[in-house]
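First up is the structure itself, then whatever we jot down about it.
No value in this document is a laboratory result; all are computed from the given coordinates. Model, not experiment: these values are computed from the prediction. Quick reminder, even Gly has a Cβ in these numbers, built from the backbone with ideal geometry, and neighbours come from all protein chains shown.
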Amino acid sequence: MVVRSKELRYIRTEDDIAILRTSVKRIVALLNFGPVSQTKVVTAASELARNVFEHGKGGLVEIELLDETDKVGLRMIFVDEGDGISDVTRALEDGYSTTNGMGLGLGGAKRLMDEFHIESNGGGTRVSVTKWDLKA
Amino acid sequence: MLLVCDKKGSVCDVFPLLALTLYLMAKLVVKSPTQHLRTACMSDLVLLCCYDAHYIYGSISMATETTTSEVSHFIDEFDKEILAEWTSQQLSDKSRSAGVSNASVQNSSEEFLKLFRDSIRKGNLVDTDSLEWQPTLQMLSDLSVSRATQGSSPTETANFILSLKQALFAKLVSNSGKSTAGLESSAWALWTILDKLALHTTEVFQKSREAVIRRQQKDMLEMSTPVIKLWDGVLVVPLIGTLDSARTQIVMENLLQKLIDTGSQIAILDITGVPTVDTQTAQHLLKTVSATRLMGADCIISGIRPQIAQTIVHLGIDIQDIKTRATMADAVKEALRVSGWVVNRHAAEGNLARGTV
Amino acid sequence: MKIGQTLLVTIQVDFHDRVALALQEDLSSKIVDSGAKGVLIDISALEMVDSFMGRVLGNIAKTSRLLDCHTVLVGMQPAIAITITELGISLKGIHTALTAEHGLVILKKMIRTGELEVLSDGRQV
């Protein structure tokens, strides 16, 4: 797997969330992701960026373009230095039929993407999500 | 000798048999070149058997600067002879796959050796992931794929690289009149790099297989989830086999698009062909219905066998307010009814013989 | 835009959160000013609905209802329906329709009866 490029975006204001959506939209279109995949990625980005802004006291996201033999991938790593999530398991519990998850939309972001990793402690939170699409 | 014993420590951590080989190599190098070669080949065989061990030599870096420049000069000097020896050995190898032509052997060998020389000249004998080795790795990736299509096994392609050792070693020995210490470190440096390159070809082969499987899985999924227009405004989705999340995604995408395309407001999800319904499957069904409703349409689930009905109740799955029917026929009747269609049977119409139904 | 007793709102593409909130406010005033009994929100150009947007839409529906007005969303893209389902956003109280035509039919029914009605296909309106 090759990391083709990296981009760093700061998430400090509410506008940054919308700006990030536009950037991500542009990237997934360039990568020729399927239409549903595109929407999923942009939505997940919006959810996670919102978390960084609202609960993480601001932070940043690193966007990586990944390349494998037959597929391309987009990885977004959201990092903030907020108070962290005390109960990650519970936060991931929100199902589409329940309303738990502490309003963090983490479970949703996880279901929208192919890969999901989270580390969280008192010093902050780091969420990494990846979506792959087969090359034509 | 001392240098070798030093290194033996770290090799043992990783691969005892190879350590033994290395020791034997060091012991035998002055005595008999052919014996040395045999043990080197033995190590290759073991290596091939364990091609998954990526980082066998990670902890060993014998390539010092002098070694690097020695190796580089050596290859530059004897480039043509090594190539000749190597290609003649490959061409005379009877076990070579029929799909690989003589010309192909000649071309690939020439190209590889050239790139190999270029990469070594740049000075990095240790890290094949570095930029200097990219052209060589790319050439090998392409070779691995093309050899695979020609019918070669991954071992054969890896042997393409490893067979170079024989030619190299013959030349190293005949050239080594001056110092055996130089010979050891040069040989070891070359072997290390060649092994890594050989592993690379096998990895590429494996990855391209995985890619083929992925593509086939995707095609199969798309083919096995048709969405059929049953009547104006009514769609049917016959689900066959297990309903996993990948299939659910395809069903949702196809169904929702078809709803728009046909302007249908009812979709019948028929699960007659779904062997078991567990909590997961039920979740997937509920998800599909949810998405359908968001579009402004609705679903009827049909094909609910008695056992499935019992399982659903037993598992405590909440089917909410979704309409369900035991048979597709009943579901169709209901779908037509809510769509406002009325089916009439006229005594005079149709030419099939009729009894009472 | 007003069609008889119905307001037609079109949401364009993607916009900042502030704009969504502004829409919420504007709409309530317009409903009161026009006395409209139904609002048709065309979201066919909307490319993404996240939990925030979902809440805004839900609030619009609730606020309208309090003002004796029904809301129907039309033209939802499949990708959005799938994403909303995966996210688990509840759009309870929001009605949806495939097209504007379907939406107007539903609105008419709701306005006429003026209360919760069970449509013939089992969905509660």
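Working value for the stretch B:227-324: equivalent-ellipsoid semi-axes of 22, 13, 12 Å, each the square root of 5 times a Cα gyration tensor eigenvalue, largest first. Derived from the Cα gyration tensor, the three semi-axes of the equivalent ellipsoid of the stretch C:60-101 are 21, 14, 5 Å, largest first.
For the residues of B:238-248, the average number of beta carbons from a partner chain within 10 Å of their own beta carbon is 0. With a cut-off of 15 Å between beta carbons, the residues surrounding B:Met328 carry a summed charge of +3, where Lys and Arg count +1 and Asp and Glu -1.
The Cβ shell under 15 Å around B:Asn344 holds other residues with a net charge of +3, Lys and Arg each +1, Asp and Glu each -1. Across q = 0.18, 0.19, 0.30 Å⁻¹, the stretch B:244-299 modelled as identical point scatterers on its alpha-carbon atoms has Debye log10 I(q)/I(0) values of -0.57, -0.64, -1.32, in the order of the q list. Per residue, the average separation of C-alpha pairs within less than 8 Å and at least 6 apart gives chain A a relative contact order of 26 percent. Counting only alpha carbon atoms, the long axis of helix A:35-54 and the longest principal axis of chain A meet at about 30°.
Taking 25 Å as R0, compute the FRET efficiency from the Cβ-Cβ separation of B:Lys122 and B:Asp79 and round it to 0.05.
Working: r = 16 Å, r/R0 = 0.64.
Plugging the Cβ-Cβ distance into 1/(1 + (r/R0)^6) gives 0.95.
With the highest mean first, a sort of the peptides B:311-324, C:30-43 on other beta-carbon atoms found within 10 angstrom per residue produces C:30-43, B:311-324. Reported value for the stretch C:1-106: 85 Å³ per residue, from the convex hull of its C-alpha atoms.
Sorted from fewest to most neighbouring beta carbons within 10 Å, what does the list B:Phe160, C:Phe52 look like?
In order of increasing Cβ crowding within 10 Å: C:Phe52, B:Phe160.
Under the definition of Cα pairs under 8 Å and six or more residues apart, what whole-number percent is the relative contact order of the stretch B:204-355?
On the way: 187 pairs, mean separation 30.0, N = 152.
20 percent.
Over the stretch B:77-196, what is the relative contact order in percent, taking alpha-carbon pairs closer than 8 angstrom and at least six residues apart? It would help to have the intermediate numbers written out before the result.
Details: 72 pairs, mean separation 39.2, N = 120.
After rounding, I find 33 percent.
Hey, what's the Cα Rg ratio for chain A versus the globular rule of thumb, 2.2 N^0.38 Å? Please report the intermediate quantities before stating the final value.
On the way: Rg = 14.4 Å, N = 136, 2.2 N^0.38 = 14.2 Å.
Dividing the Cα Rg of chain A by 2.2 N^0.38 Å gives 1.01.
Shielding by partners for peptide B:211-219, expressed as the average number of C-beta atoms from other protein chains within 10 Å of each residue's C-beta, is 2.
Can you order the peptides A:35-43, B:223-231, B:254-262 by their average number of other Cβ atoms within 10 Å per residue, highest first? All intermediate terms of the calculation are to be shown ahead of the outcome.
Working: A:35-43: 24.3, B:223-231: 15.0, B:254-262: 18.9.
Packing proxy ranking, top to bottom: A:35-43, B:254-262, B:223-231.
Per-residue ellipticity at 222 nm computed for chain A from its helices equals -11000 deg cm²/dmol, with DSSP H segments shorter than 4 residues left out and the rest contributing -39,500 (n - 2.57). In this simple spin-label model, placing a label point 7 Å from the Cα along the Cα-to-Cβ direction at both B:Thr276 and B:Ala326 gives a separation of 2.4 nm.
Taking N as the number of residues in the stretch B:154-289, what value does Rg over Cα atoms divided by 2.2 N^0.38 Å take?
Relative to the 2.2 N^0.38 Å estimate, the stretch B:154-289 comes out at 2.03.
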